[in-house]
Structure formats: structure tokens, C-alpha cells
Amino acid sequence: MKSHKLIVLSLVLVFLSFKTTRENEEKYSASKKKNILFIMIDDLRPELNIYGENKIISPNIDALAKSGVVFNRAYSNVPVCGASRASLLTGIRPTSKRFLRYNASIKKETPNALNLVKHLKNEGYTTISNNKITHLKYDIEEWDEEWYPSSKKWRNYITEENILLENNGKHGYAYESPDVDDDAYNDGETANKSIQDLKNLKATGKPFFLAVGFVMHQKNIGIYTILKRLSFLKTINFKLMYQIEQNIYGENYAIIKTFLKKDRYLMKWQKS
């Protein structure tokens, strides 16, 4: 009888030991996995200080680059929005039959592909998508969360002038400069959401893949837009303003000057 009790006790101890060892291994394995913050920016060229564009002030990106790896010969697989995103997230190159159009779909064109999100989810990662990661919404089913800003219009204009143009079926300007907080725009709202996600995810102790998509960096505030907000605008000489642009943009001055001459907003401004 005693021998039976000893056998049962031994089996219980072995089971508990196995369970504890397995839990420790899982914790150790999870701690070894690197967290991933994946930032994707719509239509952004390498116009950054780390790529020799010293007119750009980007101290946080510069600091990140110094502590990591900077790729100097990384190219887009295809020069189209949706297609390039689909190719990047699946690791599958475009062909004549897939990933060619702006609205290319991972779900439809490569339904059996092991995409990046699914792979990381299989490896125990929490996966979150904030704003534009795939061109088409809900094109990857494996996200634990796929979030979008509250504004339904992707251009996300705030100024009355641009909103009026858009409401009348016209394209608004590629810039605007209202005196508002960053989170008045979708990108600011996205940044705030992602910062909070980072805090929450860190607290869980589990590995995570947080993908953050910024869209409206195209709303650049040009020199002439900044000057427009100053009270001495009408005393500004446009030749002087072009010189300011030339000093800032260097060899791109000719292209910018042509754009400024053709820009309807500037033309209206010059007449005022």
C-alpha cells in the first residue's frame, strides 16, 4: 500500500515539475522574442537627414538610425501603393497576374500565402494594425486588432477652403496650415493611439508586432504657406521668397519654382 502511495506521489511531483519547466521555457522563449514596431509612411521617399538630406530636421529618426541598421539600397518592389504593400507583407514579388494595381488584394490574389502578420501570430505575437498598413481595409484577417482613425475621409482636410473644394468634387491643395493640435489630424490620432498601445503591450510582457501607418505627411507646409500666416505678407517680395526656397531646397529649386508658378493657390495669393 505504501509503495502505491509513493508511486502516485512520485508521478504527481514529476507532472508538477514538467509543468513548471514548460512554463519557464515558455516565459524564457517569449522574453527572447523581440518586440516589433513597424512604421509605414505613405509615399515617403528617403528625404531624411540620415540619407544626406541635411535640410530635414529629424532628431528622433537620426537617433534610431544610430542604434540600428540603415538600409541604403532598399527598393520598392513595384511603384504602386496597394501592390507594394501587398508584396512587402507577403514576401511575394509582383507578376503580370498579381500585385500590380493600387487596390491589389492579399486576400484575393494570394489567399494561401503565409503573410507576415500570420507568421508572427503563429509565433505567439500580439498583432495590431493602426491606420493604413494594407491599402484595402481588412485585407489581412490575422490582426488581433485593426484600427482606423475616426475621420472617414482619408484626405482629412480641416481648413474650410480645402473642405469646400473637396465637397464640390475638386481636389484640395496638397497642404494646409491651420492652428490646431496634431491630433486634430488622423496622423496625430494614430500617433496617440500607438503610444498608448506601446505602453499597454509592454505591460503584458508578451511579444508584439505593432504596425503604424501614417498617411497625410503630404500636407507639407511650404515656405509660402508659413509666410501667408504672417501679418507682413504683402510686403514680401516674391523674388526674395524664391531665393528662400532655393536656399532650402537646393537642386530641387527649379522643380519647386515650376510647381509654385502653376499652383492655383499661389496665383490667387500673388493677385491679392
Discussion item. Quick check on this structure: which one of Pro94, Pro59, Pro79 is in contact with a Ser or Thr (Cβ under 6 Å, 6 or more places away or on another chain) and either at pLDDT below 95 or outside the structural domain of Phe209 (by TED's automatic domain parsing) (or both)?
Written reply: Pro94
Discussion item. Consider region 40-66. How many of its residues are in a loop (DSSP other than H, G, I, E, B) and under 25 Å from Thr190 (Cα atoms)?
Written reply: 10
Fill in: Positions within region 118-144 being within 19 Å of Ile41 (Cα to Cα), free of Cβ contacts under 8 Å to residues at least 60 places away in the same chain and of a type in the set (D, E, K, R), in sequence order
Lys137, Asp139
Worksheet entry | Close pairs from region 149-165: first of a type in the set (Val, Ile, Thr), partner at pLDDT 85 or above and surrounded by 13 or more Cβ atoms within 10 Å (Cβ to Cβ), Cβ under 9 Å, at least 6 apart | Ile158/Ala184; Ile158/Tyr185; Ile163/Tyr157
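The values are calculated or read from the model by the stated rules, or taken from the named source; none is laboratory data. Computed from a predicted model, the values in this text were never measured in an experiment. Here Cβ is always computed from backbone atoms with ideal geometry, including for glycine, and neighbour counts include all displayed protein chains.
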